[in-house]
Each structure stands twice: as structure tokens, then as C-alpha cells.
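The values are calculated or read from the model by the stated rules, or taken from the named source; none is laboratory data. Predicted, not measured: the structure shown is a model, and the values here were computed from it. Note: ideal-geometry Cβ built from the backbone for every residue, glycine included; neighbour counts use all protein chains shown. Note: accessible area is taken over every heavy atom of the protein model, side chains too, but ligands, DNA and RNA are not part of it. Shrake-Rupley method; radii C 1.70, N 1.55, O 1.52, S 1.80 Å.
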Amino acid sequence: MEGLKSMRSAPVYTCRIRHLSPLVRASTLRYVKAPYRNRVSMTMSSKSFNSVSASIHPLDGSKLSHSDNTLPSKEVLDLWRNANAVCFDVDSTVCVDEGIDELAEFCGAGKAVAEWTARAMGGSVPFEEALAARLSLFNPSLSQVQDFLNKRPPRISPGIDELIVKLKAKKTDVYLISGGFRQMINPVASILGIPSENIFANQLLFGSSGEFLGFDTNEPTSRSGGKATAVQQIRKAHGYKALVMIGDGATDLEARKPGGADLFICYGGVQLREAVAAKADWLVFNFKDLINSLD
């Protein structure tokens, strides 16, 4: 988040949206007065998007150096099988790409931004600092984001659609929690049948002429520890007895804390971040392992 497929983009409208609760996330264009004047955050309708089947093979864990946590304990398996809710990271987990890297490459700043992404996901710099630095390298306009969404549909990780179908069949609630941007995540959620209110992600902000203004710093996922905050909000609102976080980065690992996720499963099928994998309760390289373990 490479086959190309053209899609009609949704028209962009401006409106004011009142957030009814911490868990209600806006899914349309927002017009915001402060602290910038005449700024808007654009969210595309995702109904016309189709995914591109990823032609990658998950990384082979047997050829990599990592801690011995690829075989889950009985306690970990029990928590996984009895989870009331599962929260997924999006970039390099649900999707095979890092969305901001792909957008930057599309806008001509791919290499520099990818280097910052590696630092951010490894936890070596505060997330909010890395996010601002990456965006400042290419300052995407509204028209560039729309063009990107039209020309580059999401690339879904192998097996993720089947896993989510199986979780739903077990009456397990599914959430997407991402440090990426809602503009790119809404199409993914639509493909996987995840409602917009179950998405926690950042918002790009644009001026009245479509110029880039920044991102909404009020979103919890815009800063370090934000995913943990989102997970805590979800758990408190719904009273889940068992909640699991699945992802590949340091910000996903942070979600495993009191009042947050009970279990952190590290997905290394796209990117293996050794420091994160070593602290995971369970390290998997293929979503098939999680699917089969639910039987």
C-alpha cells in the first residue's frame, strides 16, 4: 500500500463533521478552520476500488535469525482462539507495501522517504517526528493523492482476506489501526468488509486550492504510542475480554500493554524487524498459520 488498474475517483466535497465519540471516525472530506485557515482533509470513497493480488511470497522464517517464538505456547494459542477483537496494522501487514513510501515514490521522493520509514518502524525515532519529516520531503497535493489512488489500487497480503472472513465467522470484531493515511486505507477496508468506524488512521490536510498543509495531529495514531491509545479506547468502549494486535512495527508492539492488547503477534511476511519480532508473543510469516490455528 503493482499492477495498475484505473478507477473513477469519488467527487470531493467539503463539510463539517461532528465527532460523536472517540470511536467515531470521519470517513468523508473535512473542512477545518483551526489552526490553519481553509484546510481540508480528503477521504476517497472506496466502493470503486479493487485490490491487486500480491504476487509475493511471505518471507521464509527458517532462513532468518530471530528469537524462538514461531511456535506459540498453549496460553498464546488460547488467547488467539478466544479473542473478542483483533486489531491489524495495515502497511506491511494487511498490505504488502508501506503506503507513505508508495505515495512518495509516485511523487518522486521514494528513496529518501523509505529510509525514514525504516527508522520509524524500527522505533529509533519518535513516530510523529518521522511522519512529519517524511511528508515534508514531498508535500503531496490533493490532486497527486487522487491520481495515486486511481492508478495504484491496494496490494493485499496473501491470506489476509481469508483470515478476516474466518475471524468474522467466529464473531470476532476486526479493526484496522494504522499510522498511515485514511485516504489510502479506506479502499483496503472496503475490500475486506471492515466498517469505517473500525478504522483508526491519520488524515492528510489540504488547503482550499488542494495544496498540502500537513496532517491532523488530533488523531492518536499521529504520534508515538498512538496505536496503544487507540487499542485502549476500543477495549474500554466495547469491554472486550481478550484483544489481539497483529503488525510488524514498534508502534504495533506498543499496543500490548495494560488496558490494551493482551497479545502481540508479529507478522514478518513482508518486513522482518528483528527488534520487534524478538519481543512478540508469536512470530508468523504466513497468515495461513493463523487461519489454521483457529480450527
Pair list, Cβ < 7 Å and 6+ apart or interchain, from segment 134-152 residues that are under 21 Å from S222 (Cα atoms) to residues that are open to solvent by less than 30 Å² (accessible area, probe 1.4 Å) and among the aromatic types (F, W, Y): L142/F206
Identity of the residue in segment 60-100, within 17 Å of D252 (Cβ to Cβ), modelled with pLDDT under 95 and not hydroxyl-bearing (S, T, Y), that ends up most open to solvent (accessible area, probe 1.4 Å): H66
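Filter segment 71-95 down to the residues that are within 30 Å of F181 (Cβ to Cβ) and acidic (D, E) and list them by number.
First, the residues of segment 71-95 that are within 30 Å of F181 (Cβ to Cβ): 80, 83-95.
Answer for segment 71-95, where residues must be within 30 Å of F181 (Cβ to Cβ) and acidic (D, E): D89, D91.
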Test: N218 is in a loop (DSSP other than H, G, I, E, B) and either crowded, with 22+ Cβ neighbours inside 10 Å or not charged (D, E, K, R) (or both): yes
Those helices (runs of 4 or more DSSP H) lying entirely in segment 236-295 with at least 3 residues at pLDDT 95 or above and under 19 Å from K168 (Cβ atoms): 287-293
Failed item in (1) open to solvent by 10 Å² or more (accessible area, probe 1.4 Å); (2) assigned to a loop (DSSP other than H, G, I, E, B); (3) modelled with pLDDT of 95 or more; (4) not aromatic (F, W, Y), with D147 passing the rest: (2)
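With out of contact with any Pro (no Cβ under 9 Å at 6 or more places or on another chain), among the charged types (D, E, K, R) and within 21 Å of V113 (Cα to Cα) as the only criterion, which of K241, K151 stands out? Reasoning before the result, please.
Working: K241 fails: within 21 Å of V113 (Cα to Cα).
That would be K151, the only listed residue that is out of contact with any Pro (no Cβ under 9 Å at 6 or more places or on another chain), among the charged types (D, E, K, R) and within 21 Å of V113 (Cα to Cα).
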Of the criteria (1) out of contact with any Lys or Arg (no Cβ under 6 Å at 6 or more places or on another chain); (2) among the charged types (D, E, K, R); (3) open to solvent by 10 Å² or more (accessible area, probe 1.4 Å), which one R182 fails: (3)
Among (1) open to solvent by 10 Å² or more (accessible area, probe 1.4 Å); (2) closer than 22 Å to K74 by Cβ; (3) of a type in the set (G, A, S), the one test that A237 misses: (2)
